[in-house]
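Peer 1: One structure, pasted below without further comment.
The values are calculated or read from the model by the stated rules, or taken from the named source; none is laboratory data. In this text, all values refer to a predicted model and were calculated from it rather than measured experimentally. Cβ: placed from backbone, ideal geometry, glycine included. Neighbour counts: every protein chain shown. Accessible surface is based on the protein model in full, side chains and every heavy atom, while ligands, DNA and RNA are left aside. Shrake-Rupley method; radii C 1.70, N 1.55, O 1.52, S 1.80 Å.
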Amino acid sequence: MTILQSDKHQVPTLLNGYLLRRVQMKIRFLACLSLVLPILRAEAATYTVKQAGGGNFANIQACANALAAGDTCVVYAGTYNEVVTIPAGTAGNYRTLTVNTGDAVYVYGFVINSYTKVIGFNIQRPSSPNSNACVSVSANAIYWYITNNTMYACDGIREAFYTTGTGHGFIQGNTISYPCSTSTSPNVCSGMSINGDHHLIENNDISHVSDGVSHFGSYNVYRNNTFHDCTESDCGSNSSNCHIDFIESEPVTSGGVSKPSQYNLFEGNLGRNSMGGNNHGFLTQADACGGQCYDVIIRFNDLAHFGTFALLDDNTGFPYVKCYNNNFIDFNSSGQMATNGHQVNATHGAEVNNLFYYPTSVRNYSPYYVDSSSNSGFTAGSNLAWCTATCAFLNRTNASSFINDAPGNKISDPIFVDYAQDNFKLSAGSPAIRAGTFLATVATGDSGTGTSLVVNDASFFQDGYGITGVQADWIRVGASTTVQISSINYPTNTITLANSISRSPGDPIYLYKDSSGRVVLFGNAPDIGAYPYGLDAPKSLRIVTQ
């Protein structure tokens, strides 16, 4: 501060005022800081678990008990004979148990609660494989993650029935085999029992089980999982009855309440080698639903070498099961009437753009069958069937020709890249390329522009279901207009779009991008089968041998 010579007599006054202002500013700063400090959180802590000593803890449970919300336990190599319970975290602050990079950590199992994560463990109990779940999810837990674990010889993933809450569980990248038993003495149970809503179950490898998934819930996505090498010879008393299904959606009554199953997506999954007289791909049955089971989308799945049905949709009515753009390869055609069955009031189903292939002669057999109680609202079109010897395929009622059953149906060799190596990508020149058809149409009376689109059947599409990591479908309307879906009102068949578009009644509607944002429509029409020809490479097999 500069003081003029003529103002020397004012120096004390000026200094006093200057100091007073500085003090006042500091008081105001400290007052503001005191308001901010209570909302600041200490940095999350990371603890180590080392069985031989040298870490913060010598066992996993002690570390889990010490965690505050947001903290992490890093577990080092060793065999920990524990079933570890992880207390609940809070929104945005997970309690996490993870394995030190490069280490192998063996543990009996986990019990998890809301806002918890289990990452990278070898979960097994071969000395007593039926003693505990590999991972048990507590009742009404929400926002939990089970990621990149290997589960063997323990009782699978078991989620308690929900009475409140909405789930939001994430099961990703795990390997599950021989649940409830061992490979030397197989007596297998199911890989997962899912009893909640808004789950994302993806990139898991499931083998040697009585069912891949027993599914009870709504707004769930099963995506890019691999199911393989399941045989009836592995089954026993732990299996109850060994009708093996990849995904079994057969809700049961719990506590006197019928469990609903609505608006679920099975997309991009791969199945191999599930042979036997009672082995199926997908099962949708509504015998204990109380009328609350409907709407399943089954698309872009590649299933090969199965025992009987690829899709069995029946028992007291499970309507609106939409099956399109799948590969169903080498399903045993002896002793049954069809590969896919819609029956017992399974109305409003669909078989569109599916590829059926049989490495044998086929006579008096329907690729898909629809009984008289299920024909209402059923739609079909542009399915391809082929066998390698004498082919005599029938229509949906096991009566006249398959070709005449629906527009675009054909009997023709799909020309795979390599059947012997299970590469069912289409080769150049395949009759399945650009031979598919649309899924829905713009409804009568809807024309002009806007974001509210009314269609004849909205059940072919999904809007993300409120799940983190799941994109709402993109659709193409007409010849070239592509737009993403924002939300769907299924009862009114009204789709809210992200952007306004122009359209006219009867305009065809195609799927343009799937739930992962992958483009599946190239050219003027979709391909038949699970692998659009425009993709760069076929789906890779993720099969782990246990």
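Table: residues versus (1) hydrophobic (A, V, I, L, M, F, W, C); (2) under 16 Å from Ile123 (Cβ atoms).
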{"position": "Arg158", "(1), (2)": "no, yes"}
{"position": "Gly167", "(1), (2)": "no, no"}
{"position": "Gln172", "(1), (2)": "no, yes"}
{"position": "Thr182", "(1), (2)": "no, yes"}
{"position": "Met192", "(1), (2)": "yes, yes"}
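Peer 1: Here's something else I'd like to know. Val213 passes all but one of (1) of a type in the set (A, V, I, L, M); (2) farther than 24 Å from His280 by Cβ; (3) buried (at least 22 other Cβ atoms within 10 Å of the Cβ); which number fails?
Peer 2: (2)
Peer 1: OK, next. Being over 12 Å from Gly70 (Cβ atoms), assigned to a strand (DSSP E or B), within 23 Å of the chain's Cα centre (by Cα) and not aliphatic (A, V, I, L, M) is the filter here, so list the residues in the stretch 110-124 that pass it. Steps first, answer last, please.
Peer 2: As a first pass, look at the stretch 110-124 and keep what is over 12 Å from Gly70 (Cβ atoms): 110-114, 118-124.
If we keep only those that are assigned to a strand (DSSP E or B) as well, we get 110-112, 118-119, 122-124.
Subset that is within 23 Å of the chain's Cα centre (by Cα): 110-112, 118-119, 122-123.
Phe110, Asn122 - these are the residues of the stretch 110-124 that are over 12 Å from Gly70 (Cβ atoms), assigned to a strand (DSSP E or B), within 23 Å of the chain's Cα centre (by Cα) and not aliphatic (A, V, I, L, M).
Peer 1: Quick one: count up the residues across the stretch 346-370 that are within 19 Å of Asn264 (Cα to Cα) and surrounded by fewer than 23 Cβ atoms within 10 Å (Cβ to Cβ).
Peer 2: Here the count works out to 2.
Peer 1: Can you go through Tyr369, Tyr357 and tell me which one is in contact (Cβ under 8 Å) with a residue 40 or more places away in the chain, of a type in the set (Ser, Thr, Tyr) and not in a helix (DSSP H, G or I)? Talk me through it step by step, then tell me what you get.
Peer 2: On the way: Tyr369 fails: in contact (Cβ under 8 Å) with a residue 40 or more places away in the chain.
Answer to the check: Tyr357.
Peer 1: I need the strands (runs of 3 or more DSSP E) fully contained in the stretch 396-507, keeping only those with at least 2 residues that are open to solvent by 40 Å² or more (accessible area, probe 1.4 Å), touching a helix residue (DSSP H, G or I) at 6+ places or on another chain (Cβ under 8 Å) and of a type in the set (Lys, Arg).
Peer 2: Qualifying strands (runs of 3 or more DSSP E): none found.
Peer 1: Ok, one more. Pull up the stretch 292-309, narrow it to residues that are at pLDDT below 95 and part of a loop (DSSP other than H, G, I, E, B), then point me to the one that is most open to solvent (accessible area, probe 1.4 Å).
Peer 2: Checking each candidate, the answer is Gln292.
Peer 1: Being in a loop (DSSP other than H, G, I, E, B) and open to solvent by 10 Å² or more (accessible area, probe 1.4 Å) is the filter; apply it to the stretch 508-519 and report the residue that is farthest from Gly466 (Cα to Cα).
Peer 2: Here the answer is Arg518.
Peer 1: Also, I was wondering about something else. Going by the structure shown, is Thr316 assigned to a loop (DSSP other than H, G, I, E, B), touching a residue at least 12 places away in the same chain (Cβ under 8 Å), under 15 Å from Phe378 (Cα atoms) and of a type in the set (Ser, Thr, Tyr)? Spell out the reasoning first.
Peer 2: Values: assigned to a loop (DSSP other than H, G, I, E, B): yes; touching a residue at least 12 places away in the same chain (Cβ under 8 Å): yes; under 15 Å from Phe378 (Cα atoms): no; of a type in the set (Ser, Thr, Tyr): yes.
Here the answer is no, as Thr316 does not meet what is asked.
Peer 1: It is to be established whether one or more residues within the stretch 220-243 are in contact with a Phe, Trp or Tyr (Cβ under 7 Å, 6 or more places away or on another chain), among the β-branched types (Val, Ile, Thr) and either more than 24 Å from Ser128 (Cα to Cα) or open to solvent by 10 Å² or more (accessible area, probe 1.4 Å) (or both).
Peer 2: We begin by selecting, within the stretch 220-243, every residue in contact with a Phe, Trp or Tyr (Cβ under 7 Å, 6 or more places away or on another chain); these are 221-222, 227.
Then drop every residue that is not among the β-branched types (Val, Ile, Thr), which leaves 221.
Cutting the leftovers down to either more than 24 Å from Ser128 (Cα to Cα) or open to solvent by 10 Å² or more (accessible area, probe 1.4 Å) (or both) gives us 221.
Checked the stretch 220-243: at least one residue is in contact with a Phe, Trp or Tyr (Cβ under 7 Å, 6 or more places away or on another chain), among the β-branched types (Val, Ile, Thr) and either more than 24 Å from Ser128 (Cα to Cα) or open to solvent by 10 Å² or more (accessible area, probe 1.4 Å) (or both).
Peer 1: Can you confirm whether Asn93 is over 28 Å from the mean Cα position of the chain (by Cα) and open to solvent by 30 Å² or more (accessible area, probe 1.4 Å)? Let's see the steps before the verdict.
Peer 2: Values: over 28 Å from the mean Cα position of the chain (by Cα): no; open to solvent by 30 Å² or more (accessible area, probe 1.4 Å): yes.
Answer is no for this residue.
Peer 1: Might you let me know whether the stretch 259-267 holds any residue that is acidic (Asp, Glu) and either surrounded by fewer than 21 Cβ atoms within 10 Å (Cβ to Cβ) or not in a strand (DSSP E or B) (or both)? Steps first, please.
Peer 2: Filtering the stretch 259-267 down to residues acidic (Asp, Glu) leaves 267.
Of the ones still in play, those that are also either surrounded by fewer than 21 Cβ atoms within 10 Å (Cβ to Cβ) or not in a strand (DSSP E or B) (or both) are none.
So far as the stretch 259-267 goes, no, none of its residues is acidic (Asp, Glu) and either surrounded by fewer than 21 Cβ atoms within 10 Å (Cβ to Cβ) or not in a strand (DSSP E or B) (or both).
Peer 1: Quick check on the stretch 151-165: of everything there that is of a type outside the set (A, V, I, L, M) and closer than 16 Å to Asn81 by Cα, which residue is surrounded by the most Cβ atoms within 10 Å (Cβ to Cβ)?
Peer 2: Quick first cut of the stretch 151-165, residues of a type outside the set (A, V, I, L, M) only: 152, 154-156, 158-159, 161-165.
Then drop every residue that is not closer than 16 Å to Asn81 by Cα, which leaves 152, 154-155.
Details: Tyr152: 21, Cys154: 28, Asp155: 23.
Out of the qualifying residues, it is Cys154.
Peer 1: Given the residues Gly70, Gly53, which is the only one that is more than 26 Å from Tyr178 (Cα to Cα), part of a loop (DSSP other than H, G, I, E, B) and over 28 Å from the mean Cα position of the chain (by Cα)? Don't jump to the end; show me each part of the working.
Peer 2: Values: Gly70 fails: over 28 Å from the mean Cα position of the chain (by Cα).
The unique qualifying residue is Gly53.
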